[in-house]
1. Please work out which one of (1) touching a residue at least 40 places away in the same chain (Cβ under 8 Å); (2) over 15 Å from the mean Cα position of the chain (by Cα); (3) buried (at least 19 other Cβ atoms within 10 Å of the Cβ) is the condition residue 189 fails and give its number.
2. Exactly one condition in (1) surrounded by fewer than 21 Cβ atoms within 10 Å (Cβ to Cβ); (2) touching a residue at least 40 places away in the same chain (Cβ under 8 Å); (3) out of contact with any helix residue (DSSP H, G or I) (no Cβ under 6 Å at 6 or more places or on another chain); (4) part of a helix (DSSP H, G or I) is not met by residue 184; state its number.
3. Starting from residues that are free of Cβ contacts under 8 Å to residues at least 12 places away in the same chain and within 30 Å of residue 172 (Cβ to Cβ), keep the ones in the stretch 114-162 and report whichever is surrounded by the most Cβ atoms within 10 Å (Cβ to Cβ).
4. What do you reckon, is residue 12 farther than 24 Å from residue 162 by Cα and at pLDDT 85 or above?
5. So which residues in the stretch 163-181 are part of a loop (DSSP other than H, G, I, E, B) and either surrounded by 21 or more Cβ atoms within 10 Å (Cβ to Cβ) or in contact with a strand residue (DSSP E or B) (Cβ under 9 Å, 6 or more places away or on another chain) (or both), if there are any at all?
6. Being over 27 Å from residue 197 (Cβ atoms) and part of a helix (DSSP H, G or I) is the filter; apply it to the stretch 27-60 and report the residue that is modelled with the lowest pLDDT.
7. Can you pull out the residues in the stretch 1-59 that are out of contact with any helix residue (DSSP H, G or I) (no Cβ under 6 Å at 6 or more places or on another chain), surrounded by 14 or more Cβ atoms within 10 Å (Cβ to Cβ) and free of Cβ contacts under 8 Å to residues at least 24 places away in the same chain?
């Protein structure tokens, strides 16, 4: 965190994308994932990433570690997160340095306005926006109905949607062994083909949301069968 703060202060005049701070987060997350010697990491679909165009990344949400897992993607991104997370000591300061977007979920209209406003500003700088389209963490590990926010942002900013499915983060503790740490966790990440802005705009936000939802559900089911 200290390194990130120093990097932000020193690099800010010529690093408006906060790439250096993002890289600090990436290093921290990679240290976390590679420290347990028996953890396995299976990341596929990176060829679906277009480094020349920012996008809105949509991810299923099972565990706090989903945030750590997304750093396997070679992209610079900002999170949209509920404002309560920003009040957590140290964590909130780190999110602020990273440039993440805080929203108040109690006020849907204002939250949507902030997502569109701040999200478009980052996207114009060439930075992706990462969102959990379900709006909250899944309690059963399945993917539930999507909210419109991520797709409305992509449509207004005229950028693509990049769907990402994560499987395994909720198994960090073994539920069959009184929540003992799982030393053999198997993390799987699948980056699906992008939904272009042109297709999104033509289909409409609701239809595009349902299409991406169904594709992510099918991918998650396949990963569950393989586990």
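The values are calculated or read from the model by the stated rules, or taken from the named source; none is laboratory data. The structure displayed is predicted, hence computed values, not measured ones. Counting neighbours? That spans all protein chains shown, and the Cβs are built from the backbone with ideal geometry, glycine included.
1. (2)
2. (4)
3. Filtering the stretch 114-162 down to residues free of Cβ contacts under 8 Å to residues at least 12 places away in the same chain leaves 117, 121, 139-140, 144.
Within this subset, residues satisfying the condition of being within 30 Å of residue 172 (Cβ to Cβ) are 139-140, 144.
Details: 139: 9, 140: 8, 144: 15.
Only one residue fits best here, namely 144.
4. Values: farther than 24 Å from residue 162 by Cα: yes; at pLDDT 85 or above: no.
Against the criterion (farther than 24 Å from residue 162 by Cα and at pLDDT 85 or above), residue 12 does not qualify.
5. Hits for the stretch 163-181 are 168, 172, 179.
6. Within the stretch 27-60, the first condition is being over 27 Å from residue 197 (Cβ atoms), and the residues that meet it are 27-42.
Then keep just the ones that are part of a helix (DSSP H, G or I); that gives 27-34.
Working: 27: 90, 28: 87, 29: 90, 30: 94, 31: 92, 32: 91, 33: 94, 34: 93.
Once the filter is applied, the top-ranked residue is 28.
7. Within the stretch 1-59, 15, 23, 28 meet the criteria.
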